[in-house]
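The numbers here are math on the coordinates, done by the rules we state, and not lab data. Small disclaimer: the values here were computed from a predicted structure and weren't measured. For neighbour counting, all protein chains shown are included, and Cβ atoms are generated from backbone atoms with ideal geometry for every residue, glycine included.
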Amino acid sequence: MLAALGICFLSALGLALGRRWCSRLSPWWVSIPSLLVFGAVLGVPQGAAFRWPWLPELGVEFGLRADGLGRLFALLIAGIGVLIQVYAAGYFQGKASRERLLALLLLFEGAMLGLAYSEHLLTLFAFWELTSVASFLLIGFDHGQEKARKSALQALTVTSAGGLALFAGLLLLGWIGGTYELTALARDSGEIVSHPAIGWAVALILLGCLTKSAQFPFHFWLPGAMAAPTPVSAYLHSATMVKAGVFLAARLTPVLGEAPLWTPALVVLGSATVVAGGVAALLQSDLKLVLAYSTVHALGALMVLVGVGTPNALHAAIALMCSHALYKGALFTIVGCVDKQAGTRALSELGGLARRMPWSAAAAGLASLSLIGGVAFAGFTSKELAFKSVLEQPQTQGLVAVLLVAALSGGAVALLLGYEVFWGRAERLFEDVREAPPPMLVGPLILSVAGVALPLASGFWENSLIQPALRSVTSAPSSKPVQLWYGFDLVLGLSVLSWLSAWAVYRRHEALVRLGRALSFLPSGTQVYELFWKGTLGGADLLTRRWQNGRLRWYAVVTVASVMAAPGLQFSWAPGLPSAGGTAVRAFEALPVVSVVAAALYAAATRTTFAAVAALGVVGWGLAAIYVDFGAPDLALTQLVVEALTVVLFVFVVQRIPSAKPHRDPWRLAHAVFATLVGLAVAGLAYAVTQTTPHSKISDWHAANSLAEGFGRNVVNVILVDFRALDTLGEIAVLAVAAIGVVAMYRTKVRKGVEP
Amino acid sequence: MNSLILRTGATFVMPLLLVFSVFLLIRGHHLPGGGFAGGLVAAASLTLYGLVNGMGAAKAVLRASPEIWIAGGLGLAVLSGVPGLVLRGSFLAPIWGTLGGVKVGTPLAFDLGVYLLVIGVVLTMVFALSEEGQA
Amino acid sequence: MTIEALLAVTVGVLFGAGVYLLLRRTVVRLLIGLALVGNAANLLIFVAASLRRGVPPIASVGETAPPASAADPLAQALILTAIVISFGVLGFALALTDKTVQSAGSTDLDDLVEEDSS
């Protein structure tokens, strides 16, 4: 397990660093790392586990465990990974960016494998986010194009917004369950789902799953993501990453399957996705968009099956996940071949390519047959299982209609890709089009052949891959095994119905594309997303202009008001002040206090600057007198000298500043009221503190140890230079910085008199 | 600032105040005083001297530019922490010894650093703000 | 009236006057307000530590510790550095004001805003 992850990340790094050297290698050689990863994944035994304390203080652990579902998913990721990387190496042969792409693909593969193997919820989340980041980089791979950058950002925004929700949901789930370990959570599922806060956890986690797997109403980012190079689309946006949401939903079924909201949310939104994606797929003329929307509806169907959550439905979901990865991966790569060789992806132009690209045609044919659900293909088996699983319960029988839409749309897409492109009539003849190079054919061929081979070896498929995966999701066995043929029954009838209607839809495809163009005025998810962006930016702009208006006085009011809010509110709730007695005032003490108060008020009221500065001095001397009176000669001494120096500095500056022109200040009264309130709150706070604080133990310790350990009788000084010397060092450093700032200001020549 | 009495007074008082500031610094460990107070008094006396006789004269008394004093003070304060780091494994941990029958230790060096730095900081500001007016 | 109450009122007056001055349009007023708020904060800390008359936290010769009735040394150490730092900050702010006024030609804070935006 670790070997697989290690190879991924290290070879990604190696490729990124050594890209100049690697660029001389043929496509076969640079795909070796992915082959090694595949080998390592194959070698991961059932139940292998690894744990390493990551942040033990927070209970965060790097925990991995290979159960059936994880192994199956990892096998898909690594297996398709090899084929895609061979394909990508061929696709980008001779381009400087080839190694960068491969490195990113490996990085992504590592993140996906980590996700598949994660046992600890937070480990899972870390890998989840890593896949989002890798996807962002891969969609924006062609960063010279604005569309690619925009789509990448859109995908990142949607998936990472979902990621944040997921994070909150996982934390909540961990809090409810008392652990982040999936196995332990599954064990306590009964208690967890009856917790009052579970609804929030489910909603947040589902938000993460739905955004990642492009479910309605977040499905719009996936077609946008088709700006990525085709190998990336094939790998991330059909076979693996978008399935992460489905995977996570399946992963959490043992924990949350019985929770409120879980089944209805998945089924309703999944069904909406099927319909939205299924219809949209038929209205497109760009091959990649056709595939993108057909992926959307397949993901919707997967979500529905996971949401139904019966053993048979989960069985069908896992089988469908496998077969979909196979045929959709093959079809995407073939579209890439066609695009590269024929130079276009427009359905209206393409046709009759079978003679020019026979191998591609063969692969496309096989994959399409699987997609349409041809008998004895993987797609047939999984579709049969899906229909059967929803039919067995009366309350889910209505979902047959949803699955029929999926089958119909999938069938029509299969006809477009497998038949129209290669055998249909085209206006122009593709005389000079040649077959794609071998590295680009291996992937599609193997994937499409696997779609036939798997059902043929149905025992192996069922026993080694699907059943172990199913057992890690549900404890009950499924009653319908994978078979090649289920006999003549209602479900076969449904299949035939879907084939016939798919054919009918296919015949009307051109009309549908025209309809799609006519409907393009309808608001799309992307527009809503952009509106949201604009609103956010506009709102932020407005808020900034309102709050950050550049007026110092406004900032001062906001700052002081915020600071005073806590004590102020406290007093308005509990107006009474505590009273623990105190020391009576002696007559002579009134003098400094009264002079401080009078001077402060005078400084605030006077219009003469020099008078205010002088009043400031009086305040300082009064304070010094108070300090002396209450046993602080050090403070008094310091205060006196500082006050004198302050006055000197003020005089320096004030004498050369032009006196302010007299002005009327409309805010004067309001500020006076505000300042009075602040003063009252602070006075109350100060009084409350004197009534509650006892002599602190820290002070007593300092006083007792000053002579013994610091060899000084003046405790204040010993604290400054010995006990808390590091603090003092920081403080004198601040002084030094202030002085350096002054020097810097005066050494710089400033332009005089900016014109108003 | 041109009063003869003030000028004469400042000129005589300045050395006395400087001596007093050193006295404050040294006795600060046992009685009110210390690096902050001492440094402020020294800086204040030089400011007074400069106000009367011109800042140039005060700078001459100081010899080095105030920034050098800041650097020296901060450097000394940091250095005084090194013996503690080496001998007791903790930066600024006090190390005491006896020198000629008087107890001396790194905290005293630290206090001296504070003293020098405060003089430098205050005079940097005084010189900068006063010079600007004359320029 | 107790001394605690009296000094608490003093702290409040200093803060109120300081905040009021902070909100004036003339920069120098703002700086005076800054100095007043600094003083007020120091006094607040001083009042918050228990007030004890006349006995500094200094051990007399022959004693191992200051008398039990001595004032709180920790608060004093805190305030001592705070006084000096306020001075440093004030010096910096004065220099900044000086430079700003020279380059902008006005002491009115609201004038400065308009020049920034134009």
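With a Förster radius of 45 Å applied to the beta-carbon distance between A:V734 and A:R149, the computed FRET efficiency rounds to 0.55. Gain on full extension, evaluated as 0.36 nm per residue between A:W200 and A:A376 minus their Cα-Cα distance, stands at 59.0 nm. Quick one: dipole size for segment A:234-364, taken about the Cα centre, charges +1 on Lys/Arg Cβ and -1 on Asp/Glu Cβ, in debye to the nearest 20. Using only the charged Cβ atoms, the result is roughly 340 debye.
Between A:L13 and A:A587, the modelled label-to-label distance comes to 8.2 nm, taking each label 7 Å out from Cα in the direction of the beta carbon.
Between A:V60 and A:L55, the built amide H atoms are under 5 Å apart, and every one of these is 5 or more places off in sequence or on another chain.
Set Lys and Arg Cβ to +1 and Asp and Glu Cβ to -1, take the dipole of chain B about its Cα centre, and tell me which of B:V104, B:F12, B:N53 lies farthest positive. My answer, from the dipole projection, is B:V104. In the protein assembly as shown, one over the average inverse separation of all distinct C-alpha pairs is 34.5 Å, which is the Kirkwood hydrodynamic radius. Each Lys or Arg adds one and each Asp or Glu takes one away; over the other residues whose Cβ falls under 9 Å from the Cβ of C:A77, this sums to -1. Please list, in order along segment A:68-78, the HN-Hα scalar couplings obtained from phi with the Karplus expression 6.51 cos²θ - 1.76 cosθ + 1.60 (θ = phi - 60°), rounded to whole Hz, x for Gly and Pro. Karplus values, whole Hz, x for Gly and Pro: x, 4, x, 5, 4, 4, 4, 5, 4, 4, 6. Stretching A:Y555 away from A:T692 to a fully extended chain increases their span by 46.0 nm, per 0.36 nm per residue minus the current alpha-carbon distance.
In terms of surrounding Cβ atoms within a 10 Å radius of their Cβ, B:D111, A:D700, A:D629 rank from fewest to most as A:D700, A:D629, B:D111. Counting only GluC sites (Glu not before Pro) that DSSP places in a loop and that have at most 15 other Cβ atoms within 10 Å, the longest clean stretch of chain A runs over A:1-348.
A:T344 versus A:D665, label points 7 Å from Cα toward the beta carbon: distance in nm? Each label point lies 7 Å from its Cα, and together they span 7.5 nm.
In order along segment A:360-369, phi translates into HN-Hα couplings of 4, 4, 4, 4, 4, x, 4, 5, 5, 4 Hz, rounded to whole numbers, per the Karplus curve 6.51 cos²θ - 1.76 cosθ + 1.60 with θ = phi - 60° and x for Gly and Pro.
Residues whose amide H comes within less than 5 Å of that of B:V104, counting only those at least five positions distant or on another chain, are B:G97, B:T98, B:L99 (H built at 1.01 Å from N in the peptide plane). Are any of the pairs A:K328/A:K534; A:K150/A:K383; A:K150/A:K328; A:K383/A:K534 more than 31 Å apart by Cα-Cα distance, and if so, which? With Cα atoms farther than 31 Å apart: A:K328/A:K534; A:K150/A:K383; A:K383/A:K534. With each label modelled as a point 7 angstrom along the Cα→C-beta vector, the C:R53-B:E67 pair spans 5.2 nm.
Applying 1/(1 + (r/R0)^6) with R0 = 45 Å to the Cβ-Cβ distance of A:L25 and A:L515 gives a FRET efficiency near 0.40.
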